[in-house]
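These notes are about the structure you will find just below.
The values are calculated or read from the model by the stated rules, or taken from the named source; none is laboratory data. Bear in mind the structure is a predicted one, so any value in this text is a computation, not a measurement. Backbone-built Cβ (ideal geometry, glycine too); neighbour counts: all protein chains shown.
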Amino acid sequence: MNTRKNVFIVCLLALASSLPGFAEPAAPRTPAPTPAEPKPYTLFMGSDLSVEWEGKPCLIKGVNDKGFLIDVGGRRVTVSSDRADLKINGKQALKVAPSGIAVTQLEIGRAYTPANDPKRAAEAAANAAAGMAAKIDSENYQLNIQRAEIGAAYAAKPSAYGPSRDEKLALIHKSYSKLVSEMLVDQGISMAAVASPTGGDASGKDTHDAFRLSCDITAKTPAKGVYLMLVVHFREPADKANPERIWILGQEIGDLGPKAKAVRMLRGGFPSGYVLVGTQVHLYSDGTELASDVAPKHVEITADEAFQIAVADYVTQHRNADAQPVKAGENLPAVVKARLSAGQLGRTYYVKVGRSGLPQGGFLDEACSQKISEEPLAAALSALRFYPALKAGKPVESVAPVRF
């Protein structure tokens, strides 16, 4: 074997593999995943609930153990939930609200009032049966004693003193017959209880007449005076063709925070054996609906998506109107505002606002001839959001004065 030749070939191969034309193709690099855009808002199907008061609908602002709270003439009034003429109106609408209310361990379903609860009836029947069995045992014991007394009376010799043997036997037999009759009645009661352990309805008829809800609720951001409104859709049990009925139930929850708060609800008054069709859970604070992860048709959305929905709603509410651009709240992020210098604060700037409500540039003058490019002022102006100017109800481009 030519060792020098082999060494030369190995070196040649090593050199070739280091050249671009001969190198093994590099494995393709997996691009770093793009961070998902935060979705701090929730779009959901909300419901504006009101109670009719003196012929006018009044927005429900809270609940207590007596009924629903409304504002009348600057004061808060309780409308009893037991009123025969109570009318609650609900108007559904798509809503957007900050996310953060979480509902866990949610359980919803039919239940029983204590009077209709077959479990309680069975327990009562079992207790009654146990008591009856003890009574029958006692009666058997007394009968055995009386049987012994009857035998002793027959065996006793006649005596000149006291009642005769026949008189004694007559008295004992009378007591014995009475005790036998009582025991037969008690045995019949006991047998009936065994045949119908639920306390009356051995046919198995559905007696659900209440509604129950249980869950735990938390809030990322503290919320004050929260209350829950439950919309229950049901039908009468007798006929499946019966029209659907709707009851609205309220439950006071109180303040919410990151610590879970247990909510328990049991409400009676439903037709015995009613058919539960569906439910909706809504959470409010002082009449304003809160977004939760159990809100009807809820979906999480980004801040920009939430703003686009708000602009569309603004335009809808101002049909055929002429309007100047309006800043959509104090929406300058605090972290951006904190970077502005003292000389940049307290001055008036001008922002070109597009038809979408988004800023198209910041300027020092109303004519928009001196564009602002210095940071962080330019970033602060770009972070603003506006409801666009309107002309005959249509969004148009405009210029909005801004002062920090």
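I'd like the residue in segment 47-85 that is of a type in the set (A, V, I, L, M, F, W, C), at pLDDT 90 or above and surrounded by fewer than 18 Cβ atoms within 10 Å (Cβ to Cβ) and, out of all such residues, is nearest to the chain's Cα centre (by Cα).
In this case the residue turns out to be Leu59.
Restricting attention to segment 41-87, which residues are under 30 Å from Ile309 (Cα atoms) and polar (S, T, N, Q)?
Within segment 41-87, Thr42, Ser47, Ser50 meet the criteria.
Please specify each residue of segment 384-393 satisfying the condition of being surrounded by 15 or more Cβ atoms within 10 Å (Cβ to Cβ) and either of a type in the set (D, E, K, R) or outside any strand (DSSP E or B) (or both).
Leu384, Arg385, Pro388
Please indicate, with yes or no, whether at least one residue in segment 320-332 is among the hydrophobic types (A, V, I, L, M, F, W, C) and under 18 Å from Val96 (Cβ atoms).
yes
Which residues, counting only those in segment 217-232, are touching an Asp or Glu at 6+ places or on another chain (Cβ under 8 Å) and not hydrophobic (A, V, I, L, M, F, W, C)?
Once the filter is applied, which keeps residues that are touching an Asp or Glu at 6+ places or on another chain (Cβ under 8 Å) and not hydrophobic (A, V, I, L, M, F, W, C), segment 217-232 yields Pro222, Lys224, Gly225, Tyr227.
Would you check if Phe234 is aromatic (Phe, Trp, Tyr), in a loop (DSSP other than H, G, I, E, B) and under 30 Å from Asn116 (Cα atoms)?
No.
Restricting to segment 12-46, give me the number of residues that are aliphatic (A, V, I, L, M) and either modelled with pLDDT of 85 or more or touching a Gly at 6+ places or on another chain (Cβ under 7 Å) (or both).
Residues that pass the stated criteria total 2.
Which residues, taken from segment 268-297, are crowded, with 18+ Cβ neighbours inside 10 Å and part of a loop (DSSP other than H, G, I, E, B)?
Correct list: Phe270, Tyr274, Ala291, Val294, Ala295.
Scanning for something hydroxyl-bearing (Ser, Thr, Tyr), at pLDDT 90 or above and farther than 24 Å from Pro38 by Cα, does segment 225-232 turn up at least one residue?
yes
Of all residues in segment 362-377, how many are aliphatic (A, V, I, L, M), closer than 18 Å to Gly346 by Cβ and surrounded by fewer than 16 Cβ atoms within 10 Å (Cβ to Cβ)?
1
When segment 195-224 is examined, which residues are found to be more than 26 Å from the chain's Cα centre (by Cα) and either surrounded by fewer than 14 Cβ atoms within 10 Å (Cβ to Cβ) or at pLDDT 75 or above (or both)?
Ala195, Gly200, Asp201, Ala202, Ser203, Gly204, Lys205, Asp206, listed by residue number.
Determine which member of the set Ala400, Ala306, Ala321 is in contact with a Leu (Cβ under 9 Å, 6 or more places away or on another chain), touching a residue at least 60 places away in the same chain (Cβ under 8 Å) and within 30 Å of Cys215 (Cβ to Cβ).
Of the residues listed, the single one that is in contact with a Leu (Cβ under 9 Å, 6 or more places away or on another chain), touching a residue at least 60 places away in the same chain (Cβ under 8 Å) and within 30 Å of Cys215 (Cβ to Cβ) is Ala306.
Has segment 329-349 got at least one residue that is modelled with pLDDT of 90 or more and assigned to a loop (DSSP other than H, G, I, E, B)?
Among the residues of segment 329-349, not one is modelled with pLDDT of 90 or more and assigned to a loop (DSSP other than H, G, I, E, B), which makes the answer no.
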